[in-house]
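A.B. asks: After the structure tokens below, expect a handful of questions from me.
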Ligand SMILES: C[S@@+](CC[C@H](N)C(=O)[O-])C[C@H]1O[C@@H](n2cnc3c(N)ncnc32)[C@H](O)[C@@H]1O
């Protein structure tokens, strides 16, 4: 908890005091979901305990931070649009509690599905070697390393700061991991292993630059543009990743990509144009096609 730990001050209070404080903070702005997230992650009061307090406010609770500290964090969130994950220094994602910082994109909920797709498509034949291109916080790579502990993983990023954060997340969530971290652009640092990768997964930057400029301040001003912008049409990074796939993937190896909500047809066409086969799309929880899957051709017999 980067910002708050210096002010750590365990405090005991009644449910009534917490609920009155909660009402005062919500009157200043923001959403109840965000404030309850802060009470949980920074205050140590999970949502279920908060619900029990609503039913019985006379209960006494112990918080891991004082309300003064939480007030400061909430005000910074409201006034400076700083993401709560950066203020608390943590981000729950899948079954992990990752460190979060301005060094990398805050892992998004839809990206959890990209990991689910990888696990389901490779369930029958888990990869011997896999790579996560554009690993950022390491969210995807940590999940894959935990799911396939004996497979050899590679996590690549162009940002040194992001790789440092990924290394810390490996240390806290998967200390016995089998994944190496590489600084560089997409496939280039993996040249030694080209042709041997059974799975390459990537959530690359895919937002058209004009759209990045119009994003909400909490994203535009606080998350790295290297993680957001995919160039003029949003497809620069996706083209680079798809173009490298026929050489980089093992015969029959999988490529799984996340993309913007309106790029499904274009990304699938890029995959076909590159000579990949079994091209398909997958939807997010709202039914929007946000993922593209394809395989490298099998080795000629
Ligand atoms: C959308 S973020 C995804 C981060 C993380 N995988 C996730 O899903 O939360 C894209 C990542 O790609 C990285 N990136 C951008 N350009 C790159 C390049 N040329 N080579 C490798 N990584 C790159 C960014 O630094 C960023 O960490």
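A.B. asks: Hey, could you check region 100-109 for residues that are buried (at least 17 other Cβ atoms within 10 Å of the Cβ) and within 11 Å of the chain's Cα centre (by Cα) and say which is farthest from the ligand (Cβ to nearest atom)?
C.D. replies: The extreme case among them is 100.
A.B. asks: Now a separate question. Kindly establish whether residue 248 is within 11 Å of the ligand (Cβ to nearest atom), more than 30 Å from residue 83 (Cα to Cα) and crowded, with 17+ Cβ neighbours inside 10 Å.
C.D. replies: Criteria not met by residue 248.
A.B. asks: To continue, here is another question. Determine which member of the set 44, 29 is modelled with pLDDT of 95 or more, under 16 Å from residue 85 (Cα atoms) and surrounded by fewer than 16 Cβ atoms within 10 Å (Cβ to Cβ).
C.D. replies: Residue meeting the stated conditions: 44.
A.B. asks: From 114, 152, grab the single residue that is within 16 Å of the ligand (Cβ to nearest atom), in the same structural domain as residue 226 (by TED's automatic domain parsing) and over 30 Å from residue 26 (Cα atoms).
C.D. replies: 114
A.B. asks: Consider only pairs whose beta carbons are under 6 Å apart and that are at least six residues apart or on different chains; among these, list those whose first residue lies in region 229-243 and is assigned by TED's automatic domain parsing to the domain that holds residue 255 and under 15 Å from residue 211 (Cβ atoms) and whose second residue is within 10 Å of the ligand (Cβ to nearest atom) and in a helix (DSSP H, G or I).
C.D. replies: 230/236; 230/237
A.B. asks: If you check 155, 162, 141, which single one turns out to be part of a helix (DSSP H, G or I) and either in contact with a strand residue (DSSP E or B) (Cβ under 6 Å, 6 or more places away or on another chain) or without any contact (Cβ under 8 Å) to a residue 40 or more places away in the chain (or both)?
C.D. replies: 141
A.B. asks: Just the residues that are in a loop (DSSP other than H, G, I, E, B), in contact with a strand residue (DSSP E or B) (Cβ under 9 Å, 6 or more places away or on another chain) and over 20 Å from residue 140 (Cβ atoms), please, taken from region 204-233.
C.D. replies: 208, 215
A.B. asks: Among (1) in a helix (DSSP H, G or I); (2) more than 14 Å from the chain's Cα centre (by Cα), there is one condition residue 169 misses while meeting the rest; what is its number?
C.D. replies: The single condition residue 169 does not satisfy is (2).
A.B. asks: Let me ask another. Every residue in region 188-208 that is within 14 Å of the chain's Cα centre (by Cα) and farther than 18 Å from residue 225 by Cβ, please.
C.D. replies: 201, the sole residue that qualifies.
A.B. asks: Oh, and also: Out of the residues in region 188-203 that are touching a strand residue (DSSP E or B) at 6+ places or on another chain (Cβ under 7 Å) and part of a loop (DSSP other than H, G, I, E, B), state the one that is surrounded by the fewest Cβ atoms within 10 Å (Cβ to Cβ).
C.D. replies: The qualifying residue surrounded by the fewest Cβ atoms within 10 Å (Cβ to Cβ) is 195.
A.B. asks: Quick one: how many residues across region 72-99 are in contact with a helix residue (DSSP H, G or I) (Cβ under 7 Å, 6 or more places away or on another chain) and away from the ligand (no atom under 16 Å from the Cβ)?
C.D. replies: Here the count works out to 10.
The values are calculated or read from the model by the stated rules, or taken from the named source; none is laboratory data. Just so we're clear, the structure is a prediction, and the values are computed from it rather than from any experiment. Please note: Cβ atoms are built from the backbone with ideal geometry, for glycine as well, and neighbour counts cover all protein chains shown.
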